[in-house]
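Only one structure is covered here, and it is reproduced in the block below.
Every number here is computed from the coordinates shown, using simple stated rules; none is lab data. Because the structure is a prediction, the values reported are computed rather than measured. Glycine also receives a Cβ, built like all others from the backbone with ideal geometry; neighbour counts cover every protein chain displayed.
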């Protein structure tokens, strides 16, 4: 390819097409009409000698050659942006879209506050947010379809950068006046024997069905197991299913406290040891030096860091009394 004869603006169109998989949405992203994007795609195909994106039903799917371009293209465009805009990020005047993925815990506990802050501090910033985490989520981050993921800290790939945010502790939820708990004299906010807990039917939060969750591993260490009759990828589904049935479930304490009264739920301490989970935000290292991305990370951290449960003396002391009196 002769670089001197290549229109570098086409790379922005290619980036938009690889992100959006649609000529219409790509046009909206770069401010071009759909016919203009189609024409640009034709020029890109000729320049690279590859179809790049092929029509597949309602979507366009990238070729293997195009997928191999995602990371170097994203890096090139971001490096170019920093070269041309060395000044620090100005949130007041910025116009940008960020893509975030997280569990519905963050939908409940972070998203309203984050949007309120953006409305006041950065009215030109918009979010595309999903609480549907799956095996594809990390690929979306690597291929620049996501900017930030919130999830438990772990052994991340070398291309991932991350920041710890807070520790989340967990509680058991059951519907008010649960017949089995009432029969055994377990009142709301009171602890239940672990054997009684295991004898109940459970709703469980699981993103990856094949992976054992922390609760199962902790119970197995005690020689115990529970009967999970419902596995769901959101805590909201656990809470609502528990409220409508005689199931019990384990959810983050903060989320349980926020919704317990409205959902008619009682909150109980865990009947076995389960250390708080360290939650983190992760992003691709290519964004580590981005002023805009760093600003967004600070906004997320500002809202979530005060939720840290690690400093609390014990989960049991937090759930005593009515849910309405809990912070």
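Need one word for region 3-84: rounded, prolate or oblate. Basis is the Cα gyration tensor (sqrt eigenvalues a ≥ b ≥ c); a/c below 1.5 gives rounded, then a/b vs b/c decides. Display every interim value, and only then the final one.
Working: a/c = 1.44, a/b = 1.32, b/c = 1.09.
It is rounded, given that a/c, with a ≥ b ≥ c, falls under 1.5.
Distance between the 7 Å Cα→Cβ label points at residue 116 and residue 245: 3.4 nm. State the label only: which of (1) 21.2; (2) 24.5; (3) 22.4 corresponds to Kirkwood radius over Cα pairs in Å computed from the shown model? It is the one labelled (3).
Extending 7 Å from Cα along the Cβ direction at residue 182 and again at residue 288 yields two label points whose distance is 5.7 nm. Within the chain, antiparallel bridges make up roughly 60 percent of the DSSP beta bridges whose residues both belong there.
Can you tell me the length gained on complete extension of the stretch residue 194 to residue 97, counting 0.36 nm per residue apart and subtracting the Cα distance? Could you put the intermediate results ahead of the total?
Values: separation 97, 0.36 × 97 = 34.92 nm, distance 4.69 nm.
Computed gain between residue 194 and residue 97 is 30.2 nm.
Given a cut-off of under 8 Å on Cα pairs at least six residues apart, what relative contact order in percent is computed for region 170-274? Don't skip to the answer; put the middle values down first.
Working: 174 pairs, mean separation 52.8, N = 105.
Relative CO of region 170-274 lands at 50 percent.
The sum of -39500 (n - 2.57) across all DSSP H runs of n ≥ 4, divided by the residue count of the chain, sets its helix-only mean residue ellipticity at 222 nm to -12500 deg cm²/dmol. Annotation: the antiparallel percentage among DSSP beta bridges lying fully within region 170-274 is about 55.
Please work out the FRET efficiency for the pair residue 155 and residue 89, using the Cβ-Cβ distance as r and a Förster radius of 35 Å; give the result to the nearest 0.05. In this case the efficiency is close to 0.70. Rounded to the nearest 0.05, the FRET efficiency derived from the C-beta distance between residue 59 and residue 128 at R0 = 22 Å is 0.85. In region 3-84, Cα pairs under 8 Å separated by at least six residues give a relative contact order of 28 percent.
Between region 53-94 and region 121-178, the alpha-carbon centres lie 22 Å apart. Working from label points 7 Å from Cα in the Cα-to-Cβ sense, the residue 34 to residue 231 distance is 4.1 nm.
Shape class of region 170-274 from the Cα gyration tensor (axes a ≥ b ≥ c, square roots of the eigenvalues): oblate, since a/c reaches 1.5 or more and a/b does not exceed b/c.
Extension gain for the segment residue 135 to residue 221, taken as residue separation times 0.36 nm less the Cα-Cα distance, is 28.2 nm to one decimal. Across the chain, Cα pairs under 8 Å and at least six residues apart give a relative contact order of 21 percent. Relative to the longest principal axis of the Cα atoms of the chain, the long axis of helix 9-20 lies at roughly 30 degrees.
Using 0.36 nm per residue and subtracting the Cα-Cα separation, the extra length available between residue 68 and residue 278 on full extension is 72.2 nm.
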